[in-house]
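I have placed the structure first, in the form of structure tokens, so that the comments after it can refer back to it.
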Amino acid sequence: MVDVWLPYDKTEVHIRVPSENLVGVVEARGKPGVKDITDEVENAIKGLFSEKIKVRGKIALALNIPDAHLAKLIVFSIMKEMAHVGLKNEDLTVVFADNPLTPRAANITEQLRGEIVSLGINTVIHDPLHNNTYICDAEDGAKVYLDKVFIESEARIVASTIEPDPYTIYSCCETCVSFGLTSLETIRGILTPILSAENIQERVFRKAIDVSRVAKVNYSISIVRNLSGEVIGCFAGESEKVLHESLEAADPLYKVAFGEETSIVVISSGGSPHDINIFSACRCLENALKVVRRNGAIILVAECPEGYGETGFHQIIRKSGGDLDLLERILRDNFSVSGFIAYRFLRAFKKADIFMVTAIPDYYVSEIPKLKIFRTANESLNYALSKLGTKSKVIVIPHGNSIIPVIREQK
């Protein structure tokens, strides 16, 4: 037997897998963080306004950094560069990106916003429903509307962490623009055509890059972190160059090669805050689906103390009753990101059985008829083995949101 511990809210749960069944325990690779984060960031953006951007007007900084300390460091470093060339704090507006595909803690944004305002800097929280300007149609026909404050600034800077995202491969500067600074109409144009696709990540990532080019960003700042949240590198400069450098640093950490598909995938979304509710926890199923064989089983380990979480997500699941065709019609008539995530969640049942190890009461998820609830991971695994065969192979993924599965082609 092999004992594995899986993140579960702020603690862990135990699962015991027979050694003859276990293919492997899959994790992101480790790499130590830099010794001095401040030096890393300041050296990356040194000479920003004297060498890279010639500006005497308004500057917009789009911010997509979930760590308050790191976000503050970026803002302070840019302020220092502005001071060197005689620019004032009031020349800068920080636009907080709002990517609806990536749940963020609103309290961190508000706390950070308060601290930045106290420095005399203007701040805006992007609103996908208001104050967006039509720019053009993207190559695939999606109408691109961008944040009015950002697009009307003389200089446009984007700062983002780059980290795995089950829907877009990575959350990065490009997805910050294409999902965090656009209108709901633009997001609809990106996501609706791939709603029912088997694997969406690469297509969404390419679309995100295409849309981000429309914004004509002058300068990108990308921060790569390891699984523990330590900064391992900061890259700054022209957008495509920064993306290339960031991927070269991030791919060896987060991309994991798999062979043939496996009968049973045991996956945790990564504990708190990733499993705060079903809305957040179900995102990692996109990664599990790339690894599990058809008619196999996925065991999702997620406490979900807040139940369904996002209200619209729960309402659309209840309204559709688990009927994918009905849900697709609803979304084509009245698109919402919570509806898109609900569709992708329910669509997962077409490929595999989904068992959930959670604190949620059975009756609470009765609106999802195919979802089976368990209280322990071992109980769920024993059930899956009894159903699929005692010799079924098992893969365990403790941090399901933080890997990028790459399937090796069989020779």
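The values are calculated or read from the model by the stated rules, or taken from the named source; none is laboratory data. Remember, predicted model here, so these are calculated numbers, not experimental data. Every residue, glycine among them, receives a Cβ derived from its backbone with ideal geometry; neighbour counts consider all protein chains shown.
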Worksheet entry | Test: residue in the stretch 231-252 that is free of Cβ contacts under 8 Å to residues at least 60 places away in the same chain and touching a Cys at 6+ places or on another chain (Cβ under 9 Å) | no
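Given the structure, is residue 318 surrounded by fewer than 19 Cβ atoms within 10 Å (Cβ to Cβ) and out of contact with any helix residue (DSSP H, G or I) (no Cβ under 8 Å at 6 or more places or on another chain)? Show your work before the answer.
Details: surrounded by fewer than 19 Cβ atoms within 10 Å (Cβ to Cβ): yes; out of contact with any helix residue (DSSP H, G or I) (no Cβ under 8 Å at 6 or more places or on another chain): yes.
Answer is yes for this residue.
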Fill in: Count of residues meeting criterion [under 18 Å from the mean Cα position of the chain (by Cα) and surrounded by fewer than 24 Cβ atoms within 10 Å (Cβ to Cβ)] in the stretch 258-282
7
Worksheet item: Out of the stretch 61-85, which residues are over 23 Å from the mean Cα position of the chain (by Cα) and of a type in the set (A, V, I, L, M)?
Response: 78, 79, 82, 83, 85
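Let's see how each residue does on (1) farther than 24 Å from residue 292 by Cα; (2) in a loop (DSSP other than H, G, I, E, B); (3) under 21 Å from the mean Cα position of the chain (by Cα):
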{"site": "318", "(1), (2), (3)": "yes, no, no"}
{"site": "332", "(1), (2), (3)": "yes, no, no"}
{"site": "360", "(1), (2), (3)": "yes, yes, no"}
{"site": "364", "(1), (2), (3)": "yes, no, no"}
{"site": "406", "(1), (2), (3)": "no, no, yes"}
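Here are 73, 48, 6, 92: which of them is buried (at least 17 other Cβ atoms within 10 Å of the Cβ), out of contact with any helix residue (DSSP H, G or I) (no Cβ under 6 Å at 6 or more places or on another chain) and over 22 Å from residue 399 (Cβ atoms)?
Details: 73 fails: out of contact with any helix residue (DSSP H, G or I) (no Cβ under 6 Å at 6 or more places or on another chain); 48 fails: out of contact with any helix residue (DSSP H, G or I) (no Cβ under 6 Å at 6 or more places or on another chain); 6 fails: over 22 Å from residue 399 (Cβ atoms).
Only one candidate passes the filter, namely 92.
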Worksheet item: On the given criteria, is residue 57 surrounded by fewer than 16 Cβ atoms within 10 Å (Cβ to Cβ) and on the phi > 0 side of the Ramachandran plot?
Response: no
Discussion item. Looking at (1) touching a residue at least 24 places away in the same chain (Cβ under 8 Å); (2) crowded, with 22+ Cβ neighbours inside 10 Å, which one does residue 305 not meet, given that it meets all the others?
Written reply: (2)
Discussion item. Please go through (1) over 18 Å from the mean Cα position of the chain (by Cα); (2) surrounded by fewer than 24 Cβ atoms within 10 Å (Cβ to Cβ); (3) more than 25 Å from residue 334 (Cβ to Cβ); (4) of a type in the set (A, V, I, L, M) for residue 209 and return the number of the only condition it doesn't satisfy.
Written reply: (1)
Item to complete: Would you tally the residues in the stretch 242-290 being under 19 Å from residue 398 (Cβ atoms), in contact with an Asp or Glu (Cβ under 6 Å, 6 or more places away or on another chain) and not in a loop (DSSP other than H, G, I, E, B)?
Response: 1
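Looking at 288, 250, 352 in this structure, which one is among the hydrophobic types (A, V, I, L, M, F, W, C), surrounded by 21 or more Cβ atoms within 10 Å (Cβ to Cβ), outside the structural domain of residue 385 (by TED's automatic domain parsing) and in contact with a strand residue (DSSP E or B) (Cβ under 9 Å, 6 or more places away or on another chain)? Write out each step before concluding.
Values: 288 fails: outside the structural domain of residue 385 (by TED's automatic domain parsing); 352 fails: outside the structural domain of residue 385 (by TED's automatic domain parsing).
Testing whether each residue is among the hydrophobic types (A, V, I, L, M, F, W, C), surrounded by 21 or more Cβ atoms within 10 Å (Cβ to Cβ), outside the structural domain of residue 385 (by TED's automatic domain parsing) and in contact with a strand residue (DSSP E or B) (Cβ under 9 Å, 6 or more places away or on another chain) leaves just 250.
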Worksheet item: Here are some residues: 24, 30. Which one is surrounded by 14 or more Cβ atoms within 10 Å (Cβ to Cβ), among the small types (Gly, Ala, Ser) and over 27 Å from residue 180 (Cα atoms)?
Response: 24
Worksheet item: Taking the condition modelled with pLDDT of 95 or more and either under 19 Å from the mean Cα position of the chain (by Cα) or among the acidic types (Asp, Glu) (or both), does residue 250 pass?
Response: yes
Response to the item:
By residue number, the members of the stretch 126-155 that are surrounded by fewer than 24 Cβ atoms within 10 Å (Cβ to Cβ) and outside any loop (DSSP other than H, G, I, E, B) are 132, 133, 134, 135, 136, 137, 143, 145, 148, 149, 151, 155
Worksheet entry | Residue check, residue 383 surrounded by fewer than 14 Cβ atoms within 10 Å (Cβ to Cβ), out of contact with any Ser or Thr (no Cβ under 9 Å at 6 or more places or on another chain) and in a helix (DSSP H, G or I) | no
